[in-house]
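Colleague: Dropping a structure here in structure tokens format, bear with me for questions.
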Amino acid sequence: MAKSKGLGRFLSFAEHKDIYVACTTRCTAIRLKGGGVCLFSPVAGLGADALQSLADIGPVTHLLAPNHYHNKALEEYSKVFPAALVCGPPPAITRLAKQTGMDFADLSDLTKRLPKSMTFVESAGLKTGEIWLRVTAGKLVVWIVVDALAGAKMTPKSDRCDTPEVLKPFPTYGVQDLPTYKTWFNRQLHNDQPTIVVPCHGAIIAAEDLPTKINKTMQQRLWP
């Protein structure tokens, strides 16, 4: 939902060898089986630094709009990577196609190419069709999310924080059926017990007691 100031280099994610992240608004590069790369939420301002670092990771084969808001840079990226498959979660595809004038594939091809440690998580109760990526890294569980959670503002010294936030526009523009979303979210949180959240907005969130902190944030900001 926030406007990007351009994309920096894709840097390795310490906890998983097939994940790379670039900011200001975060785009996550996922190295797929077979060597291709999926860009989770392409961010406007694809400059030389980002392109050079991507070239070191692998060829971009998939451009994923993970909800119907995160579509502004797809035309820019599809011109740079014309062979890449443009895809999105099924609930968001109709609106994505209408907003962009582009053709979208569903997630079937991309799902087959994900590393074994990664699975898509389809949300419930949201109007945006938001989809997450769940990643296991040893004993860690990582959520790569879109607008559902955010981190604190990044600083020059660190791109990590230990406290989750909820974007101010999210309750209005993201949520369609709050009881359904609450039930789904709480079940996902209980089952996964995530230790790291990689959001599109703000710092990466990491803490040993992260599920407790997420629950507290949701109680304060979203749940009635």
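The values are calculated or read from the model by the stated rules, or taken from the named source; none is laboratory data. Worth saying up front: this structure is predicted, and the values here are computed from it rather than measured. In this analysis, Cβ positions are derived from the backbone assuming ideal geometry, glycine residues included, and neighbour counts consider all displayed protein chains.
Colleague: Out of Lys72, Lys79, report the one residue that is out of contact with any His (no Cβ under 8 Å at 6 or more places or on another chain), of a type in the set (D, E, K, R) and under 25 Å from Leu126 (Cβ atoms).
Modeller: Lys72
Colleague: Can you find a residue that is under 19 Å from Leu7 (Cα atoms), surrounded by 23 or more Cβ atoms within 10 Å (Cβ to Cβ) and not aromatic (Phe, Trp, Tyr) anywhere in the range 47-63?
Modeller: yes
Colleague: Of all residues in the range 1-25, count the ones that are within 24 Å of Phe170 (Cα to Cα) and either modelled with pLDDT under 95 or in contact with a Gly (Cβ under 8 Å, 6 or more places away or on another chain) (or both).
Modeller: The qualifying residues number 11.
Colleague: Sort out which residues of the range 190-224 are under 18 Å from Val146 (Cβ atoms) and of a type in the set (S, T, N, Q), and write them in order of number.
Modeller: Passing the criteria: only Thr217.
Colleague: Continuing with the same structure: So which residues in the range 139-161 are modelled with pLDDT under 95 and farther than 21 Å from Lys17 by Cα?
Modeller: Answer for the range 139-161, where residues must be modelled with pLDDT under 95 and farther than 21 Å from Lys17 by Cα: Ala152, Lys153, Met154, Thr155, Pro156, Lys157.
Colleague: Within the range 83-136, can you find the residues that are polar (S, T, N, Q) and surrounded by 14 or more Cβ atoms within 10 Å (Cβ to Cβ)?
Modeller: Of everything in the range 83-136, those that are polar (S, T, N, Q) and surrounded by 14 or more Cβ atoms within 10 Å (Cβ to Cβ) turn out to be Gln99, Thr100, Ser117, Ser123, Thr128, Thr136.
Colleague: Identify all residues within the range 201-213 that are in contact with a helix residue (DSSP H, G or I) (Cβ under 7 Å, 6 or more places away or on another chain) and within 27 Å of Leu7 (Cβ to Cβ); write none if there are none.
Modeller: Across the range 201-213, the qualifying residue is only Ala207.
Colleague: Also, I was wondering about something else. Given the conditions (1) surrounded by 19 or more Cβ atoms within 10 Å (Cβ to Cβ); (2) touching a Ser or Thr at 6+ places or on another chain (Cβ under 9 Å), report the number of the one that Arg9 does not fulfil.
Modeller: (1)
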